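Participant: Below: one structure in structure tokens.
The values are calculated or read from the model by the stated rules, or taken from the named source; none is laboratory data. Note that the structure is a prediction, hence the values are computed from the model and not measured. Neighbour counts run over all protein chains shown; Cβ positions are idealised from the backbone, glycine included. Keep in mind that these areas ignore ligands, DNA and RNA; they rest on the heavy atoms of the full protein, side chains included. Shrake-Rupley method; radii C 1.70, N 1.55, O 1.52, S 1.80 Å.
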Amino acid sequence: MKINIFGSTGVIGKKTLELIDKDFTNIKINLICAKSNYQLLKKQIYKYNPKYAFLYDIDKLPKFNYKINKTKILNFNELINYLLESKSNLTVLAISGYKSLYFLESIIQNTDYLGLANKESVVSAGHLFKKKKYLSKTNIFPLDSEHFSLYDFFNKTNQNKNNINKILLTASGGPFYKRKFNDLKNITFSQAINHPKWKMGYKNSIDSATLVNKCLELIEAHYLFDIPFKKIDILIHPDAIVHSAIEYKNYITHFNLFKNDMKIPILNFLLISKYKNYLIKNQQYNLDYNRLNFHKVKNDTFPIYKFFNNIDKEIPQNLIKFNVGNEYAVNLFKNNKINYTDIYKIIKKVTSLNLYSSVNTINDIINYHEEIEQNLSKFKLYSN
């Protein structure tokens, strides 16, 4: 049983490697890929001895030899050719950003089960998922806690989706859910990434603070489970125990809840390799059921959600522009070029760009992303 891990140096990649090393000796770590963290990638190569490794940042490639131990270091073309010419049982795609699309089509042809933890690939290409040719060779297993909870529920209950009145995705609210958006102009980068519940990468942390992450997850839920946009909503749940709720037309609501630990979705994905019930050894997941608080999303705290709800989401280009605008704005904020509250303004401006090129293939979508990025320089999107 072989696994390829895209994003091995990130949170999900590291947790996946730790679980395999400890509890899944039947899984061979075949390929690990990182964006730029060559120091950690080297350590992972020495520890886990994968057959192949790949580093996306070509400026850091001189830090590597052709081989480290017995691990062959692939360049981009070698990686794509390898994926197209070989087969793996499991793949984790945990690279952040839309550039995961460069690998998506090759991965789909290469693997049996894809553990998907990249929002942007689903947001940009989800409309293609409904076309059988893109999913005929692999099974998607969502690793985000919200979508994993829905995936697990639907697989175990076999419920008729026509009986669903509404699906609720919960959001922790991030660090500012008790504050007014207009009071956040001078929020610093370090404040925005200081999530009250867990430590994530800066992009996910800021998306949590603005609630953009939940907008993207709503799009994912629509594409992954074929649920109409109008039947999906967001609920603030600071306790982060309930990950989703399904409200049926007979007035019964099911809560999907578990400890907010990414090891749980990853563990269940890896269980595919064992095909039997399994528990992490010596791992406790006791929940405090006394802490179940919920709040509606307030427009004066998260104005992005009101804007998102008014977008015509049946047009894939609108969702792609929303996503690109957010990624662009977050990077500007990270580099101290804009204020925190400008993220929302930039997303609105980019989403309003009159660009509607074809997005009928993965290559079309990549080209469309690049077209949007090229047009960003023509607009004065920030003042600094």
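Participant: Would you mind listing the helices (runs of 4 or more DSSP H) fully within the range 149-253 where at least 1 residues are open to solvent by less than 20 Å² (accessible area, probe 1.4 Å) and either within 23 Å of H127 (Cβ to Cβ) or of a type outside the set (G, A, S) (or both)? Full working, then the answer.
Facilitator: Values: elements: 189-192, 202-210, 212-225.
Here the list reads 202-210, 212-225.
Participant: Any residue that is buried (at least 19 other Cβ atoms within 10 Å of the Cβ), within 17 Å of G7 (Cβ to Cβ) and over 19 Å from the mean Cα position of the chain (by Cα) - is there at least one of those in the range 105-120?
Facilitator: Yes, the conditions are met somewhere in the range 105-120.
Participant: Is there any pair linking a residue in the range 203-214 that is within 18 Å of I95 (Cβ to Cβ) and in contact (Cβ under 8 Å) with a residue 40 or more places away in the chain to one that is in a loop (DSSP other than H, G, I, E, B) and open to solvent by 20 Å² or more (accessible area, probe 1.4 Å), with Cβ under 6 Å and at least six apart or on different chains, and which?
Facilitator: Qualifying pairs under 6 Å: K203/S96.
Participant: Continuing with the same structure: Does S96 count as open to solvent by less than 10 Å² (accessible area, probe 1.4 Å), modelled with pLDDT under 90, in contact with a helix residue (DSSP H, G or I) (Cβ under 8 Å, 6 or more places away or on another chain) and not hydrophobic (A, V, I, L, M, F, W, C)?
Facilitator: Values: open to solvent by less than 10 Å² (accessible area, probe 1.4 Å): no; modelled with pLDDT under 90: yes; in contact with a helix residue (DSSP H, G or I) (Cβ under 8 Å, 6 or more places away or on another chain): yes; not hydrophobic (A, V, I, L, M, F, W, C): yes.
No: the conditions fail for S96.
Participant: Assess whether K137 counts as being within 26 Å of L332 (Cα to Cα) and in contact (Cβ under 8 Å) with a residue 12 or more places away in the chain.
Facilitator: No; evaluated as a whole, the condition is false for this residue.
Participant: Mind counting the residues in the range 1-40 that are touching a residue at least 60 places away in the same chain (Cβ under 8 Å), among the β-branched types (V, I, T) and in a loop (DSSP other than H, G, I, E, B)?
Facilitator: Result for the range 1-40: 1.
Participant: Quick check: anything in the range 77-87 open to solvent by 10 Å² or more (accessible area, probe 1.4 Å), polar (S, T, N, Q) and either closer than 27 Å to I320 by Cα or touching a Gly at 6+ places or on another chain (Cβ under 9 Å) (or both)?
Facilitator: yes
For (1) at pLDDT below 95; (2) over 25 Å from the mean Cα position of the chain (by Cα), each residue gets a yes or a no:
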position: V11; (1), (2): yes, no
position: D21; (1), (2): yes, no
position: T25; (1), (2): yes, yes
position: I29; (1), (2): no, no
position: Y38; (1), (2): yes, no
